[in-house]
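Note sheet for the following structure.
The values are calculated or read from the model by the stated rules, or taken from the named source; none is laboratory data. Being a predicted model, the structure only gives us computed values, none of them experimental. Counting neighbours? That spans all protein chains shown, and the Cβs are built from the backbone with ideal geometry, glycine included. For accessibility, only protein heavy atoms count, side chains too; no ligands or nucleic acids. Shrake-Rupley method; radii C 1.70, N 1.55, O 1.52, S 1.80 Å.
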Amino acid sequence: MEQRHLGRTGLRVSRIGLGTLTWGRDTDEHDAADLLKTFWEAGGNLVDTADVYSDGEAEYLLGRLLEGLVPRRDFVISTKAGSVPDPDRRFNGSRGHLLAALDASLTRLGTDYVDLWHIHAYDPDTPLEETLQALDLAVASGRARYAGVSNFCGWQLAKAATWQLAATGTRTRLSSTQMEYSLLQRGVEREVLPAALDLGIGLLPSSPLGRGVLTGKYRDGLPPDSRGASEHLSPFVEPYLDDTASRIVDAVATAADGLAVTPLQIALAWVRDRPGVTAPIVGTRNAQQLSAALSVEALSLPDEICRALDDVSAPVHRYPDHDWSTL
C-alpha cells in the first residue's frame, strides 16, 4: 500500500487507516485478529483507536493482538484522550486528565509509547495552552512520538497550531487532525481543511464512507445486521438516511456502475485523494469487508467522475467561509 507523509512531518503512514471503534463490543477478538492481519498483509500500518472506544476494551484488544499476532514495530498506533463519560462535562482537556489517560492507554495497549496521540475534542472549560502542554509533555517524555487534535473546528485548529509554532523547539508541532469527512459530510472544506493545508497538518478523515451509507446498503431499507439497525449505532447512522443523502448515494452508485466497481470503492477513492487528506480511517466488521475497502488501492477516479461527485455533494459556501471576493 502506498504511504504518505503525515502533515509536514517525517512520519509516513499507509494512505488507508484501520479504525477500531467497535472492537471489544461489536467486534470480538477473532474478527479483530482477522482484520488486523488482513490490514498488515496488505501493507497497512496506521491503526486508530481511543481510550473511550468500548470503554477501553478496544485498546486492550489491540494490545493483545500486537503482543502475539503481528509485530508492534510494523504499525503506527494512534489513540486519543479527552472524551469522558460525564453528561455534565463531555470533554476534559486538563493536563492532569490527559496525561493520566495516556498512561492508562499505554497500559491497555501494552506498549511504552504511541506513535500518534490526539486530543479527542476541544474543551471550552480548560485553557487551550494547558491542553496543548499535555501534548508537549507526552512527546518530551517519549510516551508519544507525534501529536494532533481531533474534532477541532477551523478557528480552534488554527489557534492550537499557531500556538505550538510560536515557540519552535519547546512546543510540539501538530502533525494531524482527525475529522469526519465524506461525500455526505463536507463541512471540513469550509475552514478546517484550508487551515490544515496552510499549516501543514495532515487530515485523517473518519467515517469516510458516510457512516456506511455510501456503500449503498441502505438504499432498500435497514439490513438487520447493519450498524443502522444496531442499538448502539443506529442514532449515528440515521442522520444520513435523508433525501439529500439518497441523491448523493444514487450518484455514487451510478459512477460505480460506469466504472464496474463498487460504491464503496468510489466513495473511498474520492475522499482518499482529496487535497490535504493523508489517510481515511475505515472501520469494518470483518476481514471480507476490509479487503473490499483495501481493493481501492488500485483505483484512481477519472476527473469527470470526480467533478460529477463534487457537484452533486457540494456544500453551501457563503460569506465568511471563504474569501468574499470569490463569492
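For segment 112-147, which residues satisfy the criterion of being among the hydroxyl-bearing types (Ser, Thr, Tyr) and open to solvent by 40 Å² or more (accessible area, probe 1.4 Å)?
Of the residues in segment 112-147, the ones among the hydroxyl-bearing types (Ser, Thr, Tyr) are 113, 122, 126, 131, 141, 146.
Selection gives TYR113, TYR122, SER141, TYR146.
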query: Can you find a residue in segment 249-265 that is assigned to a loop (DSSP other than H, G, I, E, B) and open to solvent by 50 Å² or more (accessible area, probe 1.4 Å)?
result: yes
- prompt: Among all residue pairs at least 6 apart or on different chains, which show Cβ distances below 6 Å where the first residue, located in segment 128-150, is over 25 Å from GLU180 (Cβ atoms) and the second is in a helix (DSSP H, G or I) and at pLDDT 95 or above?
  reply: GLU130/ARG95; GLN133/ARG95; ARG143/LEU102
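Looking only at segment 211-232, filter to residues that are in a loop (DSSP other than H, G, I, E, B) and under 17 Å from the mean Cα position of the chain (by Cα); which one of those is surrounded by the most Cβ atoms within 10 Å (Cβ to Cβ)?
Taking segment 211-232 as the starting set, the residues that turn out to be in a loop (DSSP other than H, G, I, E, B) are 211-212, 216-226, 230-232.
With the extra rule that they be under 17 Å from the mean Cα position of the chain (by Cα), the set shrinks to 211-212.
Values: ARG211: 25, GLY212: 23.
That would be ARG211.
If you check SER291 against the conditions, is it out of contact with any strand residue (DSSP E or B) (no Cβ under 7 Å at 6 or more places or on another chain), among the hydroxyl-bearing types (Ser, Thr, Tyr), modelled with pLDDT of 95 or more and assigned to a loop (DSSP other than H, G, I, E, B)? Please lay out each step first, then the result.
Values: out of contact with any strand residue (DSSP E or B) (no Cβ under 7 Å at 6 or more places or on another chain): yes; among the hydroxyl-bearing types (Ser, Thr, Tyr): yes; modelled with pLDDT of 95 or more: yes; assigned to a loop (DSSP other than H, G, I, E, B): no.
Answer is no for this residue.
Please determine whether any residue of segment 51-65 is exposed (fewer than 15 other Cβ atoms within 10 Å of the Cβ), at negative phi and touching a residue at least 12 places away in the same chain (Cβ under 8 Å). Full working, then the answer.
First, pick out the residues of segment 51-65 that are exposed (fewer than 15 other Cβ atoms within 10 Å of the Cβ): 55.
If we keep only those that are at negative phi too, we end up with none.
Within segment 51-65, not a single residue is exposed (fewer than 15 other Cβ atoms within 10 Å of the Cβ), at negative phi and touching a residue at least 12 places away in the same chain (Cβ under 8 Å).
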- prompt: Of these, ARG12, ARG72, ARG8, which one is open to solvent by 10 Å² or more (accessible area, probe 1.4 Å), touching a Ser or Thr at 6+ places or on another chain (Cβ under 7 Å) and either of a type outside the set (A, V, I, L, M) or on the phi > 0 side of the Ramachandran plot (or both)?
  reply: ARG72
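Please indicate, with yes or no, whether at least one residue in segment 79-86 is among the acidic types (Asp, Glu), free of Cβ contacts under 8 Å to residues at least 24 places away in the same chain, open to solvent by 30 Å² or more (accessible area, probe 1.4 Å) and over 23 Å from LEU11 (Cα atoms).
Yes; the residues of segment 79-86 include at least one that is among the acidic types (Asp, Glu), free of Cβ contacts under 8 Å to residues at least 24 places away in the same chain, open to solvent by 30 Å² or more (accessible area, probe 1.4 Å) and over 23 Å from LEU11 (Cα atoms).
Name the residue that is farthest from the chain's Cα centre (by Cα), counting only residues in segment 294-316 that are in contact (Cβ under 8 Å) with a residue 60 or more places away in the chain and either assigned to a helix (DSSP H, G or I) or within 26 Å of ARG8 (Cβ to Cβ) (or both). Show your work before the answer.
Step one: of segment 294-316, the residues in contact (Cβ under 8 Å) with a residue 60 or more places away in the chain are 294, 296-297, 309, 312-315.
Filter once more, so that each one left must be either assigned to a helix (DSSP H, G or I) or within 26 Å of ARG8 (Cβ to Cβ) (or both): 294, 296-297, 309, 312-313.
On the way: LEU294: 16, VAL296: 17, GLU297: 18, LEU309: 21, VAL312: 24, SER313: 20 Å.
Only one residue tops the list, namely VAL312.
Tell me yes or no: at least one residue of segment 188-210 is surrounded by fewer than 15 Cβ atoms within 10 Å (Cβ to Cβ) and assigned to a helix (DSSP H, G or I). Spell out the reasoning first.
Residues of segment 188-210 that are surrounded by fewer than 15 Cβ atoms within 10 Å (Cβ to Cβ), as a first pass: 197-198.
Narrowing further to those that are assigned to a helix (DSSP H, G or I): 197-198.
Yes, because at least one residue in segment 188-210 is surrounded by fewer than 15 Cβ atoms within 10 Å (Cβ to Cβ) and assigned to a helix (DSSP H, G or I).
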- prompt: Here are some residues: ARG108, ARG89. Which one is open to solvent by 50 Å² or more (accessible area, probe 1.4 Å), free of Cβ contacts under 8 Å to residues at least 60 places away in the same chain and farther than 16 Å from VAL149 by Cα?
  reply: ARG89
message: If I go through segment 113-123 residue by residue, how many of them are in a loop (DSSP other than H, G, I, E, B) and out of contact with any Lys or Arg (no Cβ under 6 Å at 6 or more places or on another chain)?
response: 3
query: Looking at (1) out of contact with any strand residue (DSSP E or B) (no Cβ under 9 Å at 6 or more places or on another chain); (2) farther than 21 Å from ALA101 by Cα; (3) touching a residue at least 24 places away in the same chain (Cβ under 8 Å); (4) not basic (Lys, Arg), which is the one condition that is false for TRP23?
result: (2)
